[in-house]
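The values are calculated or read from the model by the stated rules, or taken from the named source; none is laboratory data. Computed from a prediction, not measured in an experiment: that's the story for all the values here. In this analysis, Cβ positions are derived from the backbone assuming ideal geometry, glycine residues included, and neighbour counts consider all displayed protein chains.
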Amino acid sequence: MNVNQVAENLALSHQEELVDLPKNYPLSENEDEGDSDGERKHQKLLEAISSLDGKNRRKLAERSEASLKVSEFSVSSEGSGEKLVLADLLEPVKTSSSLATIKKQLNRVKSKKVVELPLNKEKIEQIHREVAFSKTSQVLSKWDPIILKNQQAEQLVFPLGKEQPAIAPIEHALSGWKARTPLEQEIFNLLHKNKQPVTDPLLTPMEKASLQAMSLEEAKMHRAELQRARALQSYYEAKARKEKKIKSKKYHRVVKKGKAKKALKEFEQLQKVNPTVALEEMEKIENARMMERMSLKHQNSGKWAKSKAIMAKYDLEARQAMQEQLAQNKELTQKLQVASESEEEEGGTEVEELLVPHVVNEVQMNVDGPNPWMFRSCTSDTKEAATQEDPEQLPELAAHEVSASGAEERPVAEEEILLREFEERQSLRKRSELNQDAEPASSQETKDSSSQEVLSELRALSQKLKEKHQSRKQKASSEGTVPQVQREEPAPEEAEPLLLQRSERVQTLEELEELGKEDCFQNKELPRPVLEGQQSERTPNNRPDAPKEKKEKEQLINLQNFLTTQSPSMRSLAVPTIIEELEDEEERDQRQMIKEAFAGDDVIRDFLKEKREAVEASKPKDVDLTLPGWGEWGGVGLKPSAKKRRQFLIKAPEGPPRKDKNLPNVIISEKRNIHAAAHQVQVLPYPFTHHRQFERTIQTPIGSTWNTQRAFQKLTTPKVVTKPGHIIKPIKAEDVGYQSSSRSDLPVIQRNPKRITTRHNKEEKL
Amino acid sequence: MQWPPPWRRSPLVSATPPPGPTTGLLCPRRVSEAGDSSTEGARTGHSHYVTPAESAMERRSQPFPSLRPASPTNAPAHGRGSDCTAKEPPLANVCRQNYGAAQDPVEPAGRRSASHVTGSSLGKAEVACGRRWRWAELVANSSWSPAGRATEMKVKMLSRNPDNYVRETKLDLQRVPRNYDPALHPFEVPREYVRALNATKLERVFAKPFLASLDGHRDGVNCLAKHPENLATVLSGACDGEVRIWNLTQRNCIRTIQAHEGFVRGICTRFCGTSFFTVGDDKTVKQWKMDGPGCGDEEEPLHTILGKTVYTGIDHHWKEAVFATCGQQVDIWDEQRTNPICSMTWGFDSISSVKFNPIETFLLGSCASDRNIVLYDMRQATPLKKVILDMRTNTICWNPMEAFIFTAANEDYNLYTFDMRALDTPVMVHMDHVSAVLDVDYSPTGKEFVSASFDKSIRIFPVDKSRSREVYHTKRMQHVICVKWTSDSKYIMCGSDEMNIRLWKANASEKLGVLTSREKAAKDYNQKLKEKFQHYPHIKRIARHRHLPKSIYSQIQEQRIMKEARRRKEVNRIKHSKPGSVPIVSEKKKHVVAVVK
């Protein structure tokens, strides 16, 4: 059955209702029967004909049994595959004009939309259920906040909907009671005199009157007063601002003096009245003064310092004094760092070291021994020299490593000092450079270059020797970086003339090599040449008419330039362009770098040390029970005799062998005390997220021994309180301020409201 | 191996467990204290939590005299040691702190007490220094000492001022001077721990939950009902059709009715307490008056409804004159009519129990023998949802404080607490019984419920815990068929196969009767202590320990083994199959077969 058919059926039914069909149209059942019989024969005939044809004609279904639905009007489409169309039915109607109205109606029906087939019962029920369920869930969800509240409540007192205990108002209590004794009467008199309220509102008539009394005029006055106060305040503020702006020193001095005088007076007064407080005040003032002094000390702001600053331009001493002062200030104001021995701390400082500007590192290399970063730049800068030097340098570095690891525990403060020193020096240097630039060239011009050639050679040799000696010293001296610095400090002064002279004869290649070596050393030792080099790169290289000093410097730099031009690719550290020939070297460098970066932490040794300590700590200790002075003379400088000590020393027995005795890489702690473990919580209990939380709850005592009575009561309030003998009813919507979800739950009541009354009557009877 | 041996250890050390390894599974506790602990903790797997004693040790910043009497070896050492001079009587300022509130700080301490100075007694007086005595400090001036100002002499003496300890009237509380400074109480945690331990032990000692047995029925007790208005009245129906009404205070039967032929399947009281309803195997619903008939009258029901099928359960609406029965279907009846006002059914199996929601009273829940729980809405006369569990549910009970929560007592030994809005996962699976759970009833506070089981025990479960907090059983109690929690939430009644109704305390160790305020305070304190230290293994063990009959005990063991085997198998299956092919189903979801809309 498809939709069309249904529609037609529907139309038919309409038709049935609407019209009396013409009498001749419907056929009797008997006739219908007979007709169908004839039809069957006819169809058989048709079939036979079609089979003769051979074509696959559409087969028509044969109706072999009585249909359940036999139409009254014999318009069943069963048996034939054809659909019944409304038009077929209307054909006879067309003829008669009297049926025009019916035709219209039928057309209207035809134009109407088809009504959908109703869903089956199960489906409908399911939909009903789903809707009902969602509605009910919604209704129930209003309980969520209440339930949450109850769950989180500190205390729940059942029964929940407790009625307020009716407290009799005081007037009720008073009404039936009269003052009899004189004392009571007296009290009553007092009360009545003040018109103390006995009834509910807790304001006396006076108070009430005063409250009500504020009339319009009063309010206006009040407002005016407020206004005046505001205006005064603004005046005062303006005045203060003006005063603050006054530049006159004299004025301020006068004001200050006045203030001081006033304070003094007050203080004196206080001293008379309350000496202890005055003393305290005094101490406070003193403290404040000291604080101020301390904080201001050695700043450049003092009178003296200012004068020096002016002088410093011209006077070297003054400059130095100023520097000193600044250094002092830095030293004093610098935060004290606690020297700690832990590795992490040291690591931290190392990182800090890396973070400080690059220039600092350059010097530090000198100072601290090998700095991998600096070292690398050095080697790469001077390629040839480095390649030659490498074998020499490696053992040296190794030696440094060893020494460094030995001197691990070097306090951090030292490094700090070094840093500071370096900074000072740097600033000094800069200044001096500037000065040197400014200085007339004529100061050292007079030196004859040719006559110095021989001398310089000699000096160069001696210098080399010296330097070698120094480097050896460096190797030897593993600790004591500060003395090193001090030792090295004279070096620049020594080296300077040499450098100057050497620079003149950089012509031959053999010497160049040598120089490269030296240069490297110098680079390592002195930051200065490098810096100068950097500086001079900016300056034009070949300027014959430049001042002598400058020229000398330039020549030195020329030398470097010369070297760098030989391998321009190596100039920049960050972007090595030529690799192939330097690869293995680089690798080595890398390895070295890593080695040096982690030179400080010798993990294995640390672990062994730790283990040794752990073993020592776990060993049972001897118990010494000697009592000095017991049974013999005692006193300062007297020790109990050896015999006694032996007697009272209880030797600890050898403990069982450690579990990690044969495991070199493991420490197994044997501290766990099984007797204590029975009283220890092993796993973090559920509601806690961190062990510290748990510990804190445990460590807060709740007993009255450690808490005040009130706190104790608060801490020990039970979560649920029930009253004995009281019936606890289920929670009600009305109790918690909700409307009950429905007046009546009954589905039936809406249907027959009459019964409600009877039911209520019955209830009353029950 | 312990060193030093116990008899050589100082009392302090022996009193407290040594500050043990600070290594921890979770985190090493005191890094700074135990030098190498941070690294060690990471390396080795041992762990422990702070013992109270330890934490006390930690808190203590300065050495203090031990609280215990010194051991014989150490005592002389302590006394004669070079540092014996350091031992001083309690300082004056400490004492002053004791009385801090009472004392006037301006008043010089010496003035008042100058008359009490007895120089020689100073050394010993400390011993006698009780609450009433206190140390006052006198600073002697130059007039005293020949040395003059340069040497100020401190003299300590006892002062005794009645103001500090005598109460003004007899009605006042006695003044208990107490200093709450935590620095003075280094052992608070260990002390509380000991108190908690003692409280737990005492709780077990006093746990005597059984109150009375009400005998009189001549067959097993099949159902129980509470009187809604009267705490002392309880109704019970037996398997021989007899209904009895009991008075709990007198512990006797006050009325007997032969209500039905065959079982009394269900019994419920009207919300006003004037009448009650029973259903029986004889296919009838009967309404009875709560008060007995007059002298000479016969016991007759107010109404009798003859049904077509057997009714297996009944429950009354909480507000209106409507009740619901169950059997082949859930019928909702008006009290005045002999035909149900509506019948609701979903599926075709016998429904064993029906319960009205006490809060949202139009809701009903029922459970049928085809393993399902069905919820109904009375207003719309339609079922709402159905959840099918692994096995049959015997009864359900709604939480009287939480509208959408109900608990189902299941044949598979478990109880399931559901949120009716989300039936696909139970909120909690309560397991501890070792046989089918036959009945369940909520405490009126809604925090706990009691369940009766075929394993001859009843158990009390907190709503939010999956394990029971209590199990009650006696030698003679057989399969427990029905259980009720009284409306004051203090008692539990259970009816069992062997014809008795038993009355239990809901809190096994609770003291009955009126408590004085001090008793109450002590009770509350102990309760809080138990709560606070409940995770400590020693306390936990004692608190959880219950004696169980051999049958239950062995059953528990057996089931543990079975469960473990099942778990192992599941784990193995997951392990040996393609990852993701075997889904991991949580314990909660395991038991829900389906939710039908």
Odd one out for A:Gly631, checked against (1) modelled with pLDDT under 85; (2) over 30 Å from A:Phe648 (Cα atoms): (2)
Count of region A:698-722 residues which are exposed (fewer than 15 other Cβ atoms within 10 Å of the Cβ), at the interface with chain B (Cβ under 8 Å from one of its Cβ atoms) and not in a loop (DSSP other than H, G, I, E, B): 1
Residue match in region B:557-568 (condition: of a type outside the set (Val, Ile, Thr), away from every other protein chain (no Cβ under 14 Å) and surrounded by 14 or more Cβ atoms within 10 Å (Cβ to Cβ)): yes
Residue list for region B:546-597, restricted to those being of a type in the set (A, V, I, L, M, F, W, C) and not in a helix (DSSP H, G or I): B:Leu548, B:Val582, B:Ile584, B:Val585, B:Val592, B:Val593, B:Ala594, B:Val595, B:Val596
Residues located in region B:236-277, provided they are more than 14 Å from chain A (Cβ to nearest Cβ), buried (at least 20 other Cβ atoms within 10 Å of the Cβ) and among the β-branched types (Val, Ile, Thr): B:Val243, B:Ile245, B:Ile257, B:Val264, B:Ile267
Leading residue by the ranking (farthest from B:His317 (Cα to Cα)) among those in region B:338-368 that are more than 8 Å from chain A (Cβ to nearest Cβ) and among the hydroxyl-bearing types (Ser, Thr, Tyr): B:Ser350
Region B:526-556 - residue that is touching a residue at least 40 places away in the same chain (Cβ under 8 Å) and aromatic (Phe, Trp, Tyr) and, of those, nearest to the other protein chains (Cβ to nearest Cβ): B:Tyr536
Which listed residue, of B:Ile405, B:Ile359, B:Ile396, is out of contact with any Lys or Arg (no Cβ under 8 Å at 6 or more places or on another chain), free of Cβ contacts under 8 Å to residues at least 60 places away in the same chain and under 30 Å from B:Pro340 (Cα atoms): B:Ile405
Residues that are more than 7 Å from chain B (Cβ to nearest Cβ) and in a loop (DSSP other than H, G, I, E, B), drawn from region A:664-684: A:Pro664, A:Asn665, A:Val666, A:Glu670, A:Val683
Selection count, region B:192-235, where residues are touching a residue at least 12 places away in the same chain (Cβ under 8 Å) and in contact with a helix residue (DSSP H, G or I) (Cβ under 9 Å, 6 or more places away or on another chain): 11
Some residue of region B:458-475 being closer than 20 Å to B:Ser352 by Cβ and either in the same structural domain as B:Leu231 (by the TED database) or assigned to a strand (DSSP E or B) (or both): yes
Hits in region A:114-139 (condition: touching a helix residue (DSSP H, G or I) at 6+ places or on another chain (Cβ under 9 Å) and either surrounded by fewer than 10 Cβ atoms within 10 Å (Cβ to Cβ) or more than 30 Å from B:Val596 (Cβ to Cβ) (or both)): A:Val114, A:Val115, A:Glu116, A:Leu117, A:Pro118
Residue within region B:530-540 that is outside any helix (DSSP H, G or I), surrounded by fewer than 16 Cβ atoms within 10 Å (Cβ to Cβ) and outside the structural domain of B:Thr474 (by the TED database) present: yes
Selection within region B:372-393 - of a type in the set (S, T, N, Q), in a strand (DSSP E or B) and surrounded by fewer than 24 Cβ atoms within 10 Å (Cβ to Cβ): B:Asn372, B:Thr382
Residue check, B:Val330 closer than 21 Å to B:Thr395 by Cβ, at pLDDT below 95 and out of contact with any Ser or Thr (no Cβ under 7 Å at 6 or more places or on another chain): no
Hey, B:Ile351 touching a helix residue (DSSP H, G or I) at 6+ places or on another chain (Cβ under 9 Å) and of a type outside the set (Gly, Ala, Ser) or not: no
Test: residue in region A:686-697 that is of a type in the set (Phe, Trp, Tyr), surrounded by 14 or more Cβ atoms within 10 Å (Cβ to Cβ) and part of a loop (DSSP other than H, G, I, E, B): yes
Verdict on B:Val429 being surrounded by fewer than 24 Cβ atoms within 10 Å (Cβ to Cβ) and farther than 20 Å from B:Leu363 by Cα: yes
B:Leu235 being assigned by the TED database to the domain that holds B:Asp488 and assigned to a strand (DSSP E or B): yes
Residue match in region B:220-227 (condition: within 11 Å of another protein chain (Cβ to nearest Cβ) and buried (at least 19 other Cβ atoms within 10 Å of the Cβ)): yes
Yes/no for B:Ser213 being in contact with a strand residue (DSSP E or B) (Cβ under 8 Å, 6 or more places away or on another chain), of a type in the set (Gly, Ala, Ser) and surrounded by fewer than 23 Cβ atoms within 10 Å (Cβ to Cβ): yes
Failed condition for B:Val471, given (1) at pLDDT 95 or above; (2) closer than 25 Å to A:Pro730 by Cβ; (3) not aromatic (Phe, Trp, Tyr): (2)
Residues located in region B:449-458, provided they are charged (D, E, K, R) and surrounded by fewer than 24 Cβ atoms within 10 Å (Cβ to Cβ): B:Lys456
Any hit, region B:419-437, residues being within 19 Å of the chain's Cα centre (by Cα), within 9 Å of chain A (Cβ to nearest Cβ) and of a type in the set (Val, Ile, Thr): no
